[in-house]
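The values are calculated or read from the model by the stated rules, or taken from the named source; none is laboratory data. In this text the structure is predicted, and so the values were computed from the model without any measurement. Note that we place each Cβ from the backbone using ideal geometry, even for glycine, and neighbour counts take in every protein chain shown.
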Amino acid sequence: MAHAATAGRVPERGLDVYTQKVGMWVFLCSEVMFFAGLIGSYVVLRFGAADTWAEPGDVLNVPVTAFNTFLLICSSVTMVKAFAAAQEGDQRGIKLYLLLTTLLGATFLGVQVYEYIELVLHKSWQGSHGFTPAAGLYGATFFTMTGFHGFHVLLGVICLAWATIRAWRGHWGADNTHGIEVLGLYWHFVDLVWIILFTIVYLI
Amino acid sequence: MRSHFWNRSAALLGVVAMAACGGGGGSSEGAADDAGEAAPAAAAVDPASVGTISGMANFGGMVPTMEAIDMSAEADCAAGYGADGPMAQNVLVSDGGLANVFVYLSEGVSGAPAASGAAALDQVNCRYTPHVLGVQSGQDIEISNSDNLLHNINATPTENRGFNISQPRAGITSTQRFQVAEVMVPVRCDVHGWMQAYIGVVDHPYFAVTGPDGSYSIANVPAGDYTMTAWHEEFGTMTASVTVTAGGTAAASFDYNGEMAGADVPMGDALVLEHGTNRIRVERTQ
Amino acid sequence: MDWALPPNYSTFGVVIDQLFWIILVITGIAFLLVEGGIVWFCIKYRGREGARAHYTHGSNRLEIIWTVIPAIIIAILGAHSALVWDDIKGSSNRPADALEFLVVGKQFEWNITYPGVDETLGTADDFTVRNQFHFPVNEDITILLESEDVIHSFFIPELRVKQDAVPGMTIPVWFDATQTGNFEIACAELCGLGHYYMMASVTVHSAADFDAWQASQAPAAAQ
Amino acid sequence: MATIVAEATGQAILHEEHEQSFLRKYIFSTDHKVIAIQFLIYTLFFLMIGGLLAMLMRYQIAWPARGELPLGGIFPESMVASGYILPEFYNALVTMHGSVMVFLAIMPMLVGVWANYLIPLQLGTHDMAFPRLNMLSFWAMVPAGILTLASFFVVGGAAGAGWTLYAPLSARPDLTGVGLGQIMWLAALVFIGLSSILGSVNYITTTINMRAPGMTWMRMPLTIWSLFITAILALLAMPVLSAAGIMLIFDQTIGTSFFLPEGGGQPLLWQHLFWFFGHPEVYILILPAMGFTSEILSVGSRKPVFGYKAMVLALVSIAFLGFIVWGHHMFQSGMNPMLGLTFTVSTLFIAVPSAIKTFNWMGTMWRGNLQLHSAMLFAIGFVAMFAIGGLSGVFMASTPVDIYIHDTYFIVAHIHYVLFGGSLFALFGAIYFWYPKMFGRMMDETMGKIHFWLTFILFNVVFFPMHGVGMVGMMRRIYDSTGYAHLQGIEDTNALISWAAFGLFASGFLFAFNFFWSLKKGRKAEANPWNATTLEWQTPSPPKHGNWEEIPVVYHGPHEYSHPDVEDKDWLAQNERPDVVSPAAGSH
């Protein structure tokens, strides 16, 4: 009678976490699998055809991207600061740090666009004019992975910009931090993915 | 022995092709028919101002040996050939005439009547009939299958939209078109690796394919000075100048020999009409 | 309607067919138990006015029984399958001095390259025949399977052989025919509009006949 | 008591009975029940389309030499010429039948319809966690459907490389003649992936966080368990397919060569990615059906589900094993044979939880008081057919046997026993079962029973002989089998299968008639027509916007039927206070 009518037990309440946060965690699991698919393919293809890869730095401009990586890490810090400010109800801090995060994200995107333009117009790889997605597996995997990451950054920046506008309208505060926290989760995830991508695409 | 075979197979081919496509435009045995068909469309052209071009594709020297085609795995097709079995059709020479040369006016044409009628491409005993076909851009190409087995027709042009269709049984037809002038469009059957045809697409009706005896004739050409180009799948292209007079017959012949084998064979080249000069220019894609 | 495996002509086919029939018997018994049980329950326990179902949440003992028994059967089947699979496909069991052929699939033909009289691929006396596969009986045969364009699958039902041909890979497949006969190679992987027509003839010769056939082809190749 | 209710209503969506525009109420609705009905109509339509494609295929398989396709004239010459279905159109039929059925009919019907409808109702909450995302998940399916239908009419026709989209065939238009059609289908897949992921986020979050007070994990109905596990599978598997599909689109359009050996890519990589998604997908397509069946069998047998815990464990282990067995689709693919060995083991072991479930369903029926209404008949039919599908799976899990039967009709028989005899039977059962809740009227029982028997008999006439055809060695996806020496003598079987298939398709229209006729003319349904225990039956039929006046409190497990301490009736609703019903019941 393991499941016989059982009354009087303490009712289950789900996790002690608000729904939006659970939802974002769940969604990020899905994102992990998306990038795992791309990165896994990259690993398989690179192992299968080692000679079609350039030495780090031959084609890609590592210093510029390293700077870009630094920007993104900084934006994670400012994101944390924004959430902390929200928890304390520090309106000035919320505005400042959300704006900073947005700007850092936008700068990251700008640098990435600049990088793409340089690669397509001025670099060459295995005799092709310009380093494009059609330039071997190296080009294909590079643009697919960094491109999809860039797309995620773009979505993040759009949401951040919107959150910043709301900050100016006084939307956030100590009693309303959920939106910033959830957005922060996403932003840290995007940051983390970039650190992995930077390592395996640019450095190895 | 060898030339005897060629005579016979060319004759057979002619009969089959005639039966199958009823003298459709550009078929190898019916260069004259082809020009004749273009005539109604050329009604706008004053009959008093047109002439005819005719000539030969001559072949001198040793005729290269054609490879035998192994059709043993396709018994129905193989049965359609004599004791020697089917041979490749790359170079068909009969009494010094070279068949399957695509000749067309490549320069000097100013304006042309719209395409009319349909050209026919049949598949008979696992071969394309005709082997080389000329069509006008936009003209219907009626592709049919006389073999009761699967053929696919895989046309791989570079300027036009290609197609890859199949005809699993006898009697199935399909109508296709090429909208842009292009010399030549290769056509192959992936089921039978030896099956190969070429379609020359030009944007006027002044073209022909040499018949089994190497002769061709293009009628109703407006009087004027032209450059003619002849294309052959093994020997590449050569050109000739020709002047057509009203009511007259201009001659233009092309001389081939075995040493020309391995020449650069244009494929998938666009023909561009230069509007300023009304000249057609070949634009190489490679 | 003859629902049977086609007659077997290969050494591997014997074990494959045996395994097939073993599984058929096991699953057949399970099939009768389950379907019979369902029909029996439907009749015996069909609803009656005023009847009341037996209240139970299950039985741990039964759960264990019907977890363990299938697991044991499946473990045995799995071990047996794995051993047979290794015998057939394991790279360590590839016959050392087999006669090698190169089989290249393309839309929609099988081109078979024969090793010629010297029985070695890659030499001058190799020759290629479209859609005809001849080989001697009672001899280890290895084909090197390739594809020019898309994925095909090399399937000879009577020899119980099936292997995908993947562009960019060379996959060895080996077998040994036990009787002479005439069969067909079919393509078992959708490869385009001519998939169904991608068929080649297979002729298993006696050793002498094979040599004779090869000699009849060789002059053409020797030129 | 009051505190429990207060806690549970934390995220309540208030009853919005105020006037809403037609557009907001029926088209862009965020009400999970309306979205479920939208999904239902959408998927029934695509079920018909998928069936129609199958009928055309069956005509060709049975009478390859005849031509004379009835109404063949309405097709363009690029599909049907001189009355003959052309091989390229046949390939499109094969591909799109599979794709439409899997992605646009069965999967959204299992998940889109029933997860949407049942999760909030059975868990006792007002709506999904994210109603607007939920709406988006339906509307993402709309472009997918439009792209799919339109792809038949573009130059080159619809995708023709099989639903598995094996590269390079799917990646190189020059080898198939299909260009745009393939890209459109891949784009549709990306939309389907988006829809599925958005849906899954919702289902998982709702299940984790929004259960009614007292609804512990082990009190959740098995339907919810199966939908929850399915959502996890979809959440983790769909993005991999999306990633792979995007790479395949790039191969076709911008000149990459992920899967093309000419550029260094690997055709097998596609297969690994596809089946890494594809095998969990197989379970996405069957687990919810298992859940519905458990539920309907329990209600129809008037007994608790036999071995509830074992059922949950079996679900979880199937989900876990589902991620490590993908290689068994690739035994003959050229993958390292030793890799095949490990996949054999994991694959065979996935049979164990399936066996557990089958025996537990039989245990549920054992000594029951079986109410053989249409829904119950379909649920029993599910068990019977799923057993066959499961058993035939043992043949292909055994790698040596798979050498022979791989890519033959044996596989076709297997997949249809699982997907049609399994999933679709359960779906029919679910529709008969929950229709009164959805629309407030009962479906006609007589028509329902005729529909069941026609479907059951014809289904078996169609698919059982396919095992035999497969044993003879008939390859999948071949347009004309008559040219093969080893396939001589199966023409009569193929013709029989085709005639039965036409009948099976026709019987679907009886169901459709019943469905639409009952909307207006069906007998009015009370709140709980089946005397069922789960929460959705404890609110009016159909439930109002917001589902509940007051969030229910759960006291019992999900399937308390024929409890010996309850005397005047044979069921105990999950939210019935035990001390009210029977003082004795409270002591458990």
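Apart from one condition, C:S153 fits all of (1) over 24 Å from B:G193 (Cα atoms); (2) of a type in the set (G, A, S); (3) within 14 Å of chain D (Cβ to nearest Cβ); the exception is (1).
Scan the range D:526-540 and report the pairs whose first residue is of a type in the set (S, T, Y) and whose second residue is surrounded by fewer than 19 Cβ atoms within 10 Å (Cβ to Cβ) and assigned to a loop (DSSP other than H, G, I, E, B), with Cβ atoms within less than 8 Å and a gap of 6+ or a chain change. So the pair list comes out as D:T539/D:A527. Out of all the residues in the range D:283-306, which are in a helix (DSSP H, G or I) and either surrounded by fewer than 24 Cβ atoms within 10 Å (Cβ to Cβ) or not aliphatic (A, V, I, L, M) (or both)? Matches in the range D:283-306: D:Y283, D:P288, D:G291, D:F292, D:T293, D:S294, D:E295, D:S298, D:G300, D:S301.
For every residue, the table says whether it meets (1) without any contact (Cβ under 8 Å) to a residue 12 or more places away in the chain; (2) among the β-branched types (V, I, T); (3) more than 8 Å from chain D (Cβ to nearest Cβ); (4) surrounded by fewer than 19 Cβ atoms within 10 Å (Cβ to Cβ).
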position	(1), (2), (3), (4)
C:V14	yes, yes, yes, yes
C:I23	no, yes, no, no
C:I26	no, yes, no, yes
C:V34	yes, yes, no, no
C:V39	yes, yes, yes, yes
C:G47	yes, no, no, yes
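Return the residue satisfying two criteria in turn: it lies in the range D:230-263 and is β-branched (V, I, T) and surrounded by fewer than 24 Cβ atoms within 10 Å (Cβ to Cβ), and of such residues it is nearest to the other protein chains (Cβ to nearest Cβ). In this case the residue turns out to be D:I254.
Specify which of the listed residues (C:T123, C:T113, C:T67) is of a type in the set (S, T, Y) and in contact (Cβ under 8 Å) with a residue 12 or more places away in the chain.
Numbers: C:T123 fails: in contact (Cβ under 8 Å) with a residue 12 or more places away in the chain; C:T67 fails: in contact (Cβ under 8 Å) with a residue 12 or more places away in the chain.
On inspection, the qualifying residue turns out to be C:T113.
Here D:I324 meets the list (1) more than 11 Å from chain C (Cβ to nearest Cβ); (2) at pLDDT 95 or above almost entirely, failing just condition (2).
Residues checked against (1) of a type outside the set (F, W, Y); (2) touching a residue at least 40 places away in the same chain (Cβ under 8 Å); (3) surrounded by 20 or more Cβ atoms within 10 Å (Cβ to Cβ):
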site	(1), (2), (3)
B:S110	yes, yes, no
B:A120	yes, yes, yes
B:R127	yes, yes, yes
B:P130	yes, yes, yes
B:G134	yes, yes, yes
B:I141	yes, yes, yes
B:N154	yes, no, yes
B:T158	yes, yes, no
B:R161	yes, no, no
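Quick one: how many residues across the range D:340-382 are in contact with a Ser or Thr (Cβ under 9 Å, 6 or more places away or on another chain), outside any helix (DSSP H, G or I) and more than 7 Å from every other protein chain (Cβ to nearest Cβ)? Number of matching residues: 1. Within the range A:27-35, identify whether any single residue is touching a Phe, Trp or Tyr at 6+ places or on another chain (Cβ under 6 Å) and either modelled with pLDDT of 80 or more or more than 7 Å from chain D (Cβ to nearest Cβ) (or both), and answer yes or no. Taking every residue of the range A:27-35 in turn, at least one turns out to be touching a Phe, Trp or Tyr at 6+ places or on another chain (Cβ under 6 Å) and either modelled with pLDDT of 80 or more or more than 7 Å from chain D (Cβ to nearest Cβ) (or both). Taking the criterion of being more than 20 Å from B:I153 (Cα to Cα) and either part of a strand (DSSP E or B) or among the basic types (K, R) (or both), the residues of the range B:85-139 that qualify are B:M87, B:V93, B:S94, B:G97, B:L98, B:F102, B:V103, B:Y104, B:L105, B:S106, B:E107. Within the set A:G156, A:G105, the sole residue that is surrounded by 15 or more Cβ atoms within 10 Å (Cβ to Cβ), more than 13 Å from every other protein chain (Cβ to nearest Cβ) and in contact with a Phe, Trp or Tyr (Cβ under 7 Å, 6 or more places away or on another chain) turns out to be A:G156.
Kindly establish whether B:V191 is on the phi < 0 side of the Ramachandran plot, modelled with pLDDT of 90 or more and either of a type in the set (G, A, S) or outside any strand (DSSP E or B) (or both). When the stated conditions are applied, B:V191 passes them.
Scanning the range C:26-66 for residues that are under 22 Å from D:L377 (Cβ atoms), assigned to a helix (DSSP H, G or I) and not hydrophobic (A, V, I, L, M, F, W, C) turns up C:E35, C:G36, C:G37, C:K44.
Do you know which residues across the range A:154-204 are of a type in the set (V, I, T) and more than 16 Å from the chain's Cα centre (by Cα)? Walk me through it before giving the result.
Filtering the range A:154-204 down to residues of a type in the set (V, I, T) leaves A:157-158, A:164-165, A:177, A:180, A:182, A:190, A:193, A:195-196, A:199-201, A:204.
Across the range A:154-204, the qualifying residues are A:T164, A:I165, A:T177, A:I204.
Among the residues of the range D:68-98, those that are farther than 18 Å from D:A495 by Cβ, over 32 Å from the mean Cα position of the chain (by Cα) and surrounded by fewer than 24 Cβ atoms within 10 Å (Cβ to Cβ) comprise D:G73, D:P76, D:E77, D:S78, D:S82.
One residue stands out among those in the range D:457-481 that are within 12 Å of another protein chain (Cβ to nearest Cβ) and among the hydrophobic types (A, V, I, L, M, F, W, C): the one that is farthest from D:R523 (Cα to Cα), which is D:V472.
If you go through the range D:35-69 and pick out every residue that is at pLDDT 90 or above and more than 25 Å from D:W163 (Cβ to Cβ), you end up with 3.
Can you confirm whether D:A65 is surrounded by fewer than 19 Cβ atoms within 10 Å (Cβ to Cβ) and within 14 Å of another protein chain (Cβ to nearest Cβ)? Before the answer, list the steps.
Working: surrounded by fewer than 19 Cβ atoms within 10 Å (Cβ to Cβ): yes; within 14 Å of another protein chain (Cβ to nearest Cβ): yes.
Yes; evaluated as a whole, the condition is true for this residue.
So if I check each of D:I224, D:I246, which one is over 26 Å from D:W548 (Cα atoms) and aliphatic (A, V, I, L, M)? Full working, then the answer.
Numbers: D:I224 fails: over 26 Å from D:W548 (Cα atoms).
The match here is D:I246.
The residues of the range A:111-137 that are assigned to a loop (DSSP other than H, G, I, E, B) and either surrounded by 12 or more Cβ atoms within 10 Å (Cβ to Cβ) or basic (K, R) (or both), listed by number, are A:K123, A:Q126, A:G130, A:F131, A:T132, A:P133, A:A134, A:A135.
Residues in the range D:521-543: is at least one at pLDDT 90 or above, in a loop (DSSP other than H, G, I, E, B) and at positive phi? Taking every residue of the range D:521-543 in turn, at least one turns out to be at pLDDT 90 or above, in a loop (DSSP other than H, G, I, E, B) and at positive phi.
When residues of the range D:383-416 are filtered for being outside any helix (DSSP H, G or I) and within 24 Å of C:A75 (Cα to Cα), how many remain?
First, pick out the residues of the range D:383-416 that are outside any helix (DSSP H, G or I): D:398, D:406-408.
Checking the rest, the ones that are also within 24 Å of C:A75 (Cα to Cα) come to D:398, D:406.
Total meeting the criteria: 2.
Whether a residue is among the small types (G, A, S), farther than 15 Å from D:L241 by Cα, buried (at least 24 other Cβ atoms within 10 Å of the Cβ) and in contact with a Ser or Thr (Cβ under 7 Å, 6 or more places away or on another chain) was assessed, and D:G162 does not pass this test.
Among the candidates D:E88, D:E77, which residue alone is acidic (D, E), part of a helix (DSSP H, G or I) and either more than 21 Å from D:M474 (Cβ to Cβ) or assigned by TED's automatic domain parsing to the domain that holds D:A237 (or both)? Full working, then the answer.
Details: D:E77 fails: part of a helix (DSSP H, G or I).
Of the residues listed, the single one that is acidic (D, E), part of a helix (DSSP H, G or I) and either more than 21 Å from D:M474 (Cβ to Cβ) or assigned by TED's automatic domain parsing to the domain that holds D:A237 (or both) is D:E88.
Between D:M365, D:M385, the distinction of being under 16 Å from the mean Cα position of the chain (by Cα) and not assigned by TED's automatic domain parsing to the domain that holds D:R58 belongs to D:M385 only. Look at (1) in contact with a Ser or Thr (Cβ under 9 Å, 6 or more places away or on another chain); (2) assigned to a helix (DSSP H, G or I); (3) not basic (K, R) and you find that D:M48 fails only one, number (1).
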